[in-house]
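Just so it is clear, none of the values below were taken in a lab; they were calculated from the coordinates. Source: prediction; values computed, not measured. Every residue, glycine as well, gets a Cβ built from its backbone with ideal geometry; the counts of neighbours run over all protein chains shown.
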Amino acid sequence: MIDYPPQDGDALWAALGRKPKLSPWGLIRELLRRQLPVILVAGLLAVLWFIPGSVGPRLVGLAIDRSAAGWTDPGLLAAAGLLFLAVLVGGFFGTVMGVYTQRNRLIMRFHVDEILVRAATKHDPDEVDQKVRGDIVTGATSDAGTLAGLAGGTAHALGAAVAYVTVTIVVLRASVPLGLLVVIAAPFMYFAVRPLLRPTTRRQAAERAATGRLTAIASDIAAGVRVLRGVGGESSFEDAYRDQSTLTREAGEAAGRWQALIRMSSVLAAGVLLSALAWLGVEMVLAGSLSVGALIALFGYATFLTWPIDTLFGFGQVLVRAQVAAARVARVVRAAHASGASSSSAAPDSETPRKLEARELEVHESGAQAELALGGLTFRRGELTGLVFASVHGADPFVLGLSDDLVVMPAAVSMFSGTLRSTLDPTGTSTRVAAERALWAAAAEDIFEAAPDGWATRVTERAREYSGGQRQRLALARTLLSGAPTVVLEEPTSAVDSVTEDRIAERVARLREGLTTIVITSSPLWLARCQSVVFVYDDGWRAGKHEELRAIPGYGALVRGAVGHG
């Protein structure tokens, strides 16, 4: 059964999108429905794991009753053999059930993480508020694990319920009074503890909210640590983090007290049931209506019943935590779908070119002539082409997906932790010579020379140890190292000085000679080296050489304004 990783992410996201008022339980039902076959298999294995334990006390009682006839009594040997077999069967199915329980957890976690990633990509990073950002981070780090625990706990609860019913039937057949005690007392004690669940839910929701706010503050500090140091704002954020950390701790302690109260109540309930069964059993033995072996079996049943009862009580707590976690994830999903709906229904801005997707990339061959068409724009293959937007926001929607033939370097570069080599060559397929050439073209040799361990130098998350200009040059080297037939560079040198920018433009033109390179920029240092330039303005676009387009007032003003930007 191929169920991991799940392949129904698109269908799941679409199903959640059809529920504008997605509730926590609606999200939980949809997630469980997606992996129902695996949950049922794990539930069956849990039943087969519990049942041998439920028949064990009966076999022990039979063995004790037959022991008076001697160790060679066939009934005694049969009971001992069956008991040994029950232990083996229970151990085997318990092991297999553990595998399926983990599979259930992984599937659920994958689904939740995928939902959160999709939701994060639907939000505009510049518009997402602190609460949503904290919800996304906390959801991935905490709520996904909580919901994964629900998937695994569901199978355990199913097995516990079946075992409880089985033991009840066996006890009823052995003694009606004791059976009625089991049937009536245990559910009564469960429902007596149930009022504790609602305040526990509230305390856990408060704890999650406080944790989300703390995570958001921590993310802001990590993202803006350089700026904070520059303006002397460390103490202000330190105070805010300390205050929120205190509130989070207090909320966690409050939730913990209620969880401990529920746990204590479950243990107390099981203990009361055990004591009542033992007392009634002894009375029946003294009255002669129950054998010693049957009494021992009843003690075993009473002890065994603490297992499924405790499991069911624990599952109740899992449901409470899962509801709180699902509420946060559902809130993120609703916000993402609302954001997507509003952006898709909005009227197009006449000052902004429409988005161009990778699937719109077309290649036209005509003899020696070869062109690339991206939407309504046409670029000559094998050339360095400049792309200039008249609107200051014009380049923002110029979004290109990734493919084997097309690699994009966005203006907002992303760097990941690893070695310097893996940062530049994530696939590990490039030669060292090619990597050194890419560093040279990006004028990043100084970064490599300053690296203490060369290519093995560790790079932290987001490459925070480097300046903005250094990160930009490393990202440019990474893009150039891909060797893709078509490369799109969006403002690749906006964070470097003009001397370095001129050097980079000259070297990139040499390195990418014969390959298609599109540079989104208004820098004359780049545009002067481009073999052609496309100028996009409100009503259309013009193509030509840089010197030719300078006669257009809008183009000339943009280029003159870009001089000395570095």
Per the rule of 0.36 nm per residue minus the C-alpha distance, extending GLU465 to THR427 adds in nm 11.4 nm
With 0.36 nm assigned to each residue of separation and the Cα-Cα distance removed, ALA528 to SER417 gains 36.4 nm
With GLY145 itself left out, Lys, Arg at +1 and Asp, Glu at -1 over residues whose Cβ is under 14 Å from its Cβ give +3
Counting only residues 5 or more apart in sequence or on a different chain, those whose built amide H sits under 5 Å from that of LEU387 are VAL519, ILE520, THR521, VAL534
dims of the stretch 4-127, Cα set, principal axes, largest to smallest, nearest Å -> 82, 25, 22
The answer for GluC sites (Glu not before Pro) in the stretch 492-543 that fall in a DSSP coil and have at most 11 neighbouring Cβ atoms within 10 Å is GLU513
Taking PHE416, PHE535 and counting other beta carbon atoms within 10 angstrom, the fewest-first order is PHE416, PHE535
Scalar couplings 3J(HN,Hα) for the stretch 287-298 by Karplus 6.51 cos²θ - 1.76 cosθ + 1.60 (θ = phi - 60°), nearest whole Hz, x for Gly and Pro, are 7, x, 8, 8, 7, 5, x, 5, 5, 4, 4, 5
Sorted on mean Cβ neighbours within 10 Å (highest first), peptides 28-34, 155-161 come out as 155-161, 28-34
Ordering 42-48, 80-86 by per-residue average of other C-beta atoms within 10 angstrom, highest first, gives 42-48, 80-86
